[in-house]
Amino acid sequence: MFFFDPLYLLIFVVTLVISLAAQMYIKSAYGKWSKVANSHNLTGLQVGQELLRGTDLGATYQISKGTGVQFQGVAGNLTDHYDPRTHTVGLSQGVATQPSVASMAIVAHELGHAQQYAAKSPLIAARSFLLPAVRVSPMISYGLLMIGFILNMTGAIYLGILFFGITVLFSVLTLPVEFDASRRGLKLLADAGLMTSTEDQRGARTVLRAAAATYVAATITAILQLLYYLALANRRR
């Protein structure tokens, strides 16, 4: 039924354009700066190891967690992430093995997340609290929305919207978390003396801005979907 709704088609086109633009931005930024060597000619893995040695992050994490941050390879491209359960930074092969500005920025960003957990950041705690609910809320939400619209059950529609709101809240909370991780990552690079050239600084900031754009696009998409569901629910009243 959604596909014959002009409002749905408009939102679909808008969110598709935003998402494609964000993906093109990150691919362009990574494609450019993955070919530019950082000033110390260190691979992503070496940058990570230097950040743990050359800043207070390594010592802080040892004290607060009882174990150091570990690095491990992960499959795929731009699949780098930090796992707080094992205190592990997963690095894609391109990031781990290339001595590029892009690799340096991405590793620093993931260690920025590690620092957030070590510092017990309220934002990261709030997002972690919502994570279990977010894993199931979309499926529950779509099920309730379909039942509500098909059977004309207003209560089910609003309950579905409420569950979808959890996903939206998670997306909104993700933005300051990601921005803060990038800020922390850039500071770690500066503190370790690794971001010394103008090209290092410009490239690292460009890559991290492009990565942040993907989260902004996802948040806009989620908010527009929520507003659309609310508009549909109001039509039923």
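The numbers here are math on the coordinates, done by the rules we state, and not lab data. Bear in mind the structure is a predicted one, so any value in this text is a computation, not a measurement. Virtual Cβ from ideal backbone geometry, glycine too; neighbours counted across all protein chains shown.
Listing for the model above:
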{"read-out": "Cβ-Cβ FRET estimate between GLU199 and ALA21, R0 fixed at 25 Å, reported to 0.05", "value": "0.50"}
{"read-out": "Pairs of Lys in the chain closer than 25 Å at Cα, counting only those 8 or more apart or on different chains", "value": "7"}
{"read-out": "Cα gyration tensor of the stretch 85-155 - equivalent ellipsoid semi-axes, whole Å, descending", "value": "39, 17, 9"}
{"read-out": "Rounded to whole Hz, the Karplus (6.51, -1.76, 1.60) HN-Hα couplings of the stretch 168-180, x for glycine and proline", "value": "5, 4, 4, 5, 5, 5, 5, 4, x, 5, 5, 4, 5"}
{"read-out": "Between 0 and 90°, nearest 10: helix 198-236 axis offset from the chain longest Cα axis", "value": "10"}
{"read-out": "Derived scalar couplings ³J(HN,Hα) [the stretch 143-156; Karplus, 6.51 cos²θ - 1.76 cosθ + 1.60; whole Hz; x for Gly, Pro]", "value": "x, 5, 5, 5, 4, x, 6, 5, 9, 6, 9, 4, x, 5"}
{"read-out": "Residue-averaged [θ]222 nm for the chain, counting only DSSP H segments that reach four residues, each worth -39500 (n - 2.57)", "value": "-26000 deg cm²/dmol"}
{"read-out": "Cα radius of gyration and Dmax for the chain (Å)", "value": "20.6, 63"}
{"read-out": "Area projected by the alpha carbon convex hull of the stretch 158-231, averaged over all directions, nm²", "value": "5.1"}
